[in-house]
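The values are calculated or read from the model by the stated rules, or taken from the named source; none is laboratory data. Everything quoted here is computed from the prediction, not taken from an experiment. In this analysis, Cβ positions are derived from the backbone assuming ideal geometry, glycine residues included, and neighbour counts consider all displayed protein chains. SASA here: full protein model, heavy atoms, side chains in, ligands and nucleic acids out. Shrake-Rupley method; radii C 1.70, N 1.55, O 1.52, S 1.80 Å.
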Amino acid sequence: MTDSKKSIYQQAGEWGVPFGLYLSCAAVASIFADWFLPLQFVFLVLLLGTPLVTYYFQRRRFIQDDGFTEYAGLWMLGIMLFILGTLICSFIVFLILQYIRPTYIVDQTQAAVDFYKTLPQFKDSKMLEAVQFSIDRKILPTPIEMVTSVFWFVTFTGSLLSALTALFAQRPLPDKHRKRKQ
């Protein structure tokens, strides 16, 4: 079966795996950036590249369909890419937060509290007291709660991003890309 004969969902299913690995690389770079600072740059590049990667897959589908994929189809392709990609990424992040860096959430929250305590305007902040209380009582989100929240956030923002990139992916094809009908 050629790529242009596949449904949007089949195509997203295939492309969702490399997209999920891409998102996973960004997430892993973010999680380990406190151990190895150059990963902050890697994370930033991958984050800023996400619209380009989304556009790439949408444009690729548009070209395969000889310019006949509707906007809604390209948008749905992007939505499905983000859902499937984020599922893969969420699984990997959960494993890291649960087994490799189980204190990551507490460590990052404590680092944020310590930083804000150095700022004069936050010295007697009730917000910092509440966050410190959460740390002390061990009532911060668990890894699965954190991953679930991030899944919904990335899926929602990915849907919005896909709506925007689909507009650009749908620009007319130059003649050299049009398939010859015989």
Ignoring everything except DSSP H segments at least 4 long, calculate the 222 nm mean residue ellipticity for the chain; use -39,500 (n - 2.57) per segment, divide by total residues, nearest 500. -24500 deg cm²/dmol
With every protein chain kept in place and ligands, DNA and RNA left out, what is the accessible area per residue of the chain? Probe 1.4 Å, answer in Å². 62
Leaving out ligands, DNA and RNA, and with a 1.4 Å probe, what % of the accessible surface on the range 37-141 is carbon or sulfur? 71
Using +1 at the C-beta of Lys and Arg and -1 at the C-beta of Asp and Glu, which of Gly78, Pro174, Val28 has the Cα lying farthest in the positive direction of the dipole of the chain? Pro174
So how far, in whole Å, is the C-alpha centre of the range 119-158 from the one of the range 53-88? 33
Eigenvalues of the Cα gyration tensor times 5, then square-rooted: what semi-axes does that give for the range 54-170, in whole angstrom, largest first? 40, 17, 10
Using each residue's phi in the range 131-143, evaluate 6.51 cos²θ - 1.76 cosθ + 1.60 at θ = phi - 60° and report the 3J(HN,Hα) Karplus result to the nearest Hz, with x for Gly and Pro. 5, 4, 4, 5, 5, 4, 8, 6, 10, 6, x, 7, x
Farthest toward positive dipole pole in the chain [+1 Lys/Arg, -1 Asp/Glu at C-beta], among Val45, Cys89, Ala12: Ala12
Enumerate the calculated ³J(HN,Hα) couplings along the range 51-64 in order (Karplus 6.51 cos²θ - 1.76 cosθ + 1.60, θ = phi - 60°), each rounded to whole Hz, writing x wherever the residue is Gly or Pro. x, 5, 5, 4, 4, 4, 5, 5, 5, 4, 5, 4, 5, 4
Normalising by the residue count of the chain, find the relative contact order in percent from Cα pairs under 8 Å and 6+ residues apart. 33
Any idea what diffusion coefficient the range 1-78 gets from Stokes-Einstein, in µm²/s, Kirkwood Rh on alpha carbon pairs, 10 °C, 1.306 mPa s? 116
Set the Förster radius R0 to 30 Å, insert the Cβ-Cβ distance between Lys6 and Leu160 as r into 1/(1 + (r/R0)^6), and round the FRET efficiency to 0.05. 0.75
